[in-house]
Structure formats: C-alpha cells, structure tokens
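What follows is a single structure, written as structure tokens, with notes after it.
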Ligand SMILES: N[C@@H](CCC(=O)N[C@@H](CS)C(=O)NCC(=O)O)C(=O)O
C-alpha cells in the first residue's frame with residue numbers, strides 16, 4: 001500500500017488529490033515538526049526525505065519526494081483514472097507545461113513567501129523576499145487568468161494532476177493579502193470551484209483545510 005507523508009494543507013495536498021481521484025488504496029502519515037523546523041515524528045523521516053520536507057510517497061521499495069513527481073507517478077500507476085492525457089499528445093505536453101510552471105515557479109514563490117528566512121541570510125531582508133515572491137505570483141496569476149479557457153480545467157474538459165496542483169496553490173493564495181490572492185481572479189476562482197466540485201478532489205481539499213469554494 002502507498003504511504004503519503006503529509007502535513008495538513010502543505011505540498012502533499014496535490015498528490016493526495018491525485019491519489020483520491022485515482023481511487024488508490026493508501027494511508028496518510030503525518031509529519032510533525034518543532035518550531036525550529038526539525039522533524040519530531042515519525043522517527044527516521046529525514047532518511048526518507050533528505051530535504052526535510054513533505055511530501056514523501058512510499059510505495060514498496062520506492063521512496064519518492066517532490067510533489068509534482070509524486071503526482072506524475074500516481075497518474076502513471078493508475079492509468080484508468082486518466083489523470084494525464086495520452087503520452088506524446090498535445091494535451092499531455094500542455095499538462096506538463098502547466099505542472100512545471102506551477103511547481104518550479106509558482107510553488108517555489110509561495111515557499112519563498114511562507115519561509116523567507118530560508119532564502120536570505122539578511123534578517124532585514126525577509127520582507128523584500130516576500131515582496132518579490134508576491135510579484136512573481138502576480139505574474140503567474142496573470143498568465144493563468146489569460147490562458148485558462150472555458151475549461152473548466154487547464155487543458156479543457158479533462159481533469160489532470162495539474163488541476164489538483166493549481167487548486168492547492170489557489171488555496172494557499174488565501175494566505176496572501178487581499179488583492180494578491182489568486183482567488184480574486186474570477187477565472188482562477190472558477191477553476192478552483194470546478195476542482196472542488198469533484199467528489200474526490202473536493203473532499204481532499206476540504207480535509208486539507210481548504211475552502212469548499214471561492215466566490216467567483
Ligand atoms: N519542492 C518540494 C517542496 C516541498 C516543501 O517545501 N514542503 C514544505 C511544505 S509545503 C515543507 O515541508 N516545509 C517545511 C520546511 O521547509 O521546514 C516539493 O514539491 O515536494
């Protein structure tokens with residue numbers, strides 16, 4: 001059985017959505033950290049995820065880190081769930097493009113906003129790190145708002161792992177100041193709501209502490 005190591009509402013949300021959409025048999029294992037960011041439990045977690053982060057997915061001998069990689073693995077392992085378009089198709093390429101933008105630009109910017117101290121040695125520079133992250137997130141939101149079509153999902157009518165990833169990030173954006181939240185965009189809010197209306201993804205989002213819907 002798959003074990004997904006998580007902290008509620010964290011980067012483990014996207015693979016959890018993928019597992020639930022796939023109808024996978026899996027268990028969640030909660031990772032606890034102290035105020036200094038050290039892993040408290042489970043013992044030995046650092047050996048599974050040398051970066052000391054969540055998520056980590058364990059499936060038999062496989063120990064997999066990185067939320068996007070976990071999502072891709074789940075999509076491949078459960079092909080009947082059709083969480084990725086057929087390999088090599090234009091839609092597959094577009095889905096990879098969205099997933100990559102979301103993980104290496106947007107998710108990374110959110111992490112700079114959440115953990116600015118990890119991105120500068122200048123204790124007076126924390127706000128500047130966060131400001132730059134918010135500016136980058138605004139640019140990604142503009143791209144999303146301009147390029148999400150009638151959807152309801154990123155590539156049209158097919159729900160993919162990139163949609164679960166985007167819903168997670170839209171949920172995170174609720175922590176930003178008013179005016180910077182991705183859910184302020186009617187287009188992005190409508191995308192979130194379309195994901196949240198899916199029984200499996202919606203239940204996962206709510207279980208992770210995200211809203212059942214945003215005003216659109
Ligand atoms: N690129 C990694 C990022 C993982 C990550 O930074 N996770 C955060 C939670 S969203 C974490 O574990 N933070 C704890 C810390 O940095 O101390 C991934 O996608 O798995």
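The values are calculated or read from the model by the stated rules, or taken from the named source; none is laboratory data. Only a predicted model underlies this, so the values are computations on that prediction, with no experimental measurement involved. Note: ideal-geometry Cβ built from the backbone for every residue, glycine included; neighbour counts use all protein chains shown.
In table form, for the structure just shown:
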item: Residues within region 81-95 that are touching a residue at least 12 places away in the same chain (Cβ under 8 Å) and closer than 29 Å to residue 3 by Cβ, tallied; result: 6
item: Answer from 135, 141, 145 - the residue that is over 24 Å from residue 12 (Cα atoms), in contact with a helix residue (DSSP H, G or I) (Cβ under 7 Å, 6 or more places away or on another chain), more than 16 Å from the ligand (Cβ to nearest atom) and not in a loop (DSSP other than H, G, I, E, B); result: 145
item: Residues of region 60-90 classified as over 25 Å from residue 169 (Cα atoms) and within 16 Å of the ligand (Cβ to nearest atom), total; result: 1
item: Residues being within 15 Å of the ligand (Cβ to nearest atom), out of contact with any strand residue (DSSP E or B) (no Cβ under 8 Å at 6 or more places or on another chain) and at negative phi - total across region 14-44; result: 6
item: Residue within region 98-116 that is more than 28 Å from residue 138 (Cβ to Cβ) and either at pLDDT 95 or above or away from the ligand (no atom under 16 Å from the Cβ) (or both) present; result: no
item: Region 175-188, residues that are under 16 Å from residue 143 (Cβ atoms) and either surrounded by fewer than 19 Cβ atoms within 10 Å (Cβ to Cβ) or in contact with a strand residue (DSSP E or B) (Cβ under 6 Å, 6 or more places away or on another chain) (or both); result: 180, 184, 186, 187
item: Number of positions in region 149-170 that are buried (at least 24 other Cβ atoms within 10 Å of the Cβ) and not in a loop (DSSP other than H, G, I, E, B); result: 10
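Listed here are the residues, each with its yes/no results for (1) within 18 Å of residue 200 (Cβ to Cβ); (2) surrounded by 11 or more Cβ atoms within 10 Å (Cβ to Cβ).
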{"position": "22", "(1), (2)": "yes, yes"}
{"position": "41", "(1), (2)": "no, yes"}
{"position": "45", "(1), (2)": "no, yes"}
{"position": "55", "(1), (2)": "yes, yes"}
{"position": "60", "(1), (2)": "no, no"}
{"position": "64", "(1), (2)": "no, yes"}
{"position": "73", "(1), (2)": "yes, yes"}
{"position": "77", "(1), (2)": "yes, yes"}
{"position": "92", "(1), (2)": "no, yes"}
